[in-house]
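Engineer: If you scroll down you'll find the structure; I have some questions about it.
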Amino acid sequence: MKSILKVLMVIPVLLSSINSFSGIKATNEVTQITSQLTAVSGSYFSIKDALISSNASTAATKAKNMATAIKAVDMGKLSTEEHNAWMKVMQDLTRSAEAISKSKDIQQQREAFNLLSKNMYELAKESKQPVPVYYQHCPMANNGKGANWLSKEPAIKNPYYGNKMLTCGSVTETIK
């Protein structure tokens, strides 16, 4: 009787271990898929931060890193939605990142960042975000036509004007 009780007590522990192991495998697969785009988005945010600081040299370096990250994406590991979005924006992302990396003029970099942001938004909408991403808008940028960017925080730090108009803008959407 004691042996049967011991076995009955061990079974739930074994089942829990099996479920935990299966969860780890599923979590690792999701992490691998998500990490395909993590380097690209991380580079994007680094470019944005350099533009906020009006640092053209750092923006160029970070954009070169982004171009490298774009080339490293294994499309086979993307979800169907991510893959479709990636195929639509990959060339424009590459062109924009290369334009920023080749320029030492902060204004030209900011113009290229406008298209880069548009395409990163399209990609962010279709990819799984580990944390909320804030889509922000400055109505004065782009010669008064307005321009958007993504941020990891809701506080406005305008990459199109830097310290000249650091807080010009608003959050228009939260992507989760």
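Engineer: Length gain on complete extension for the stretch residue 104 to residue 53, per 0.36 nm per residue less the alpha carbon to alpha carbon distance? It would help to have the intermediate numbers written out before the result.
Structural biologist: Numbers: separation 51, 0.36 × 51 = 18.36 nm, distance 1.40 nm.
Once the chain is fully extended between residue 104 and residue 53, it gains 17.0 nm.
Engineer: Counting only other residues whose beta carbon sits under 15 Å from that of residue 63, what net charge do I get with K and R as +1, D and E as -1?
Structural biologist: Values: positive: 48, 62, 64, 71, 95, 102, 104, 110; negative: 49, 92, 98, 105, 111.
Surrounding charge for residue 63 is +3.
Engineer: Right, something else. Taking 7 Å along the Cα-to-C-beta vector as the label spot, tell me the residue 128-residue 79 distance in nanometres, rounded to one decimal.
Structural biologist: Going from the residue 128 label point to the residue 79 one covers 0.6 nm.
Every number here is computed from the coordinates shown, using simple stated rules; none is lab data. Source: prediction; values computed, not measured. Cβ coordinates were reconstructed from backbone atoms using ideal geometry, including for glycine residues, and neighbour counts include every protein chain displayed.
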